[in-house]
Amino acid sequence: MPDNYFARYLPLLIHFLIAGALATGMVLLSWIIGYRRPTRAKLSPYECGMTPVGDARERFSVKFYLVAMLFILFDVEAVFLYPWAIILKELKAMGQGVFAISEMFIYIAIVLVGFFYIWKKGVLDWGLTITDAKRRIESRSARAGGKA
């Protein structure tokens, strides 16, 4: 075993260099010997097998972006469960098992409060239209006794 610390990573470096050289070689080889016959169909943008219609700069509903941000938020929060699950056995061995479980229940409760909040606000209702929103507001005001 070599005494130099970085010498242990030499096989990994060689692996990355070979993988990079193979990928570069395949792309260059296909570019050199490949046929280049551009046609109208080949030069058009590919949209899942459908002919592109309209402008690419079409406006989307804010709901798409909101759901994407919420997905990322809850995905990141779910990632925090993995390190906790890994060290749980060690915490139990040290006598901290009840503390670790209670901390995770508090964390999950906070996440669920956020989830129920966005659910109650209607962020996850994909079929909600403007008329549905108006009806919802009218029904709330009717239940509140006509106070808006």
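The values are calculated or read from the model by the stated rules, or taken from the named source; none is laboratory data. Source: prediction; values computed, not measured. Cβ atoms come from the backbone with ideal geometry, glycine included; neighbour counts cover every protein chain shown.
Data overview
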| read-out | value |
| --- | --- |
| Tyr5 vs. criteria more than 26 Å from the chain's Cα centre (by Cα), at pLDDT 85 or above, outside the structural domain of Phe116 (by TED's automatic domain parsing) and among the aromatic types (Phe, Trp, Tyr) | no |
| Count of the stretch 18-45 residues which are in a helix (DSSP H, G or I) and either under 30 Å from the mean Cα position of the chain (by Cα) or hydroxyl-bearing (Ser, Thr, Tyr) (or both) | 6 |
| Output for the stretch 52-85, where each listed residue is free of Cβ contacts under 8 Å to residues at least 12 places away in the same chain and part of a loop (DSSP other than H, G, I, E, B) | Pro52, Val53, Gly54, Asp55, Ala56, Arg57, Glu58, Arg59, Phe60, Ser61 |
| Members of the stretch 76-86 that are hydroxyl-bearing (Ser, Thr, Tyr) and under 15 Å from Tyr117 (Cβ atoms) | none |
| Qualifying residue in the stretch 110-119 (condition: under 30 Å from Ala41 (Cβ atoms), within 22 Å of the chain's Cα centre (by Cα) and without any contact (Cβ under 8 Å) to a residue 60 or more places away in the chain) | no |
| Answer from Leu73, Leu91 - the residue that is among the aliphatic types (A, V, I, L, M) and more than 17 Å from Trp119 (Cβ to Cβ) | Leu91 |
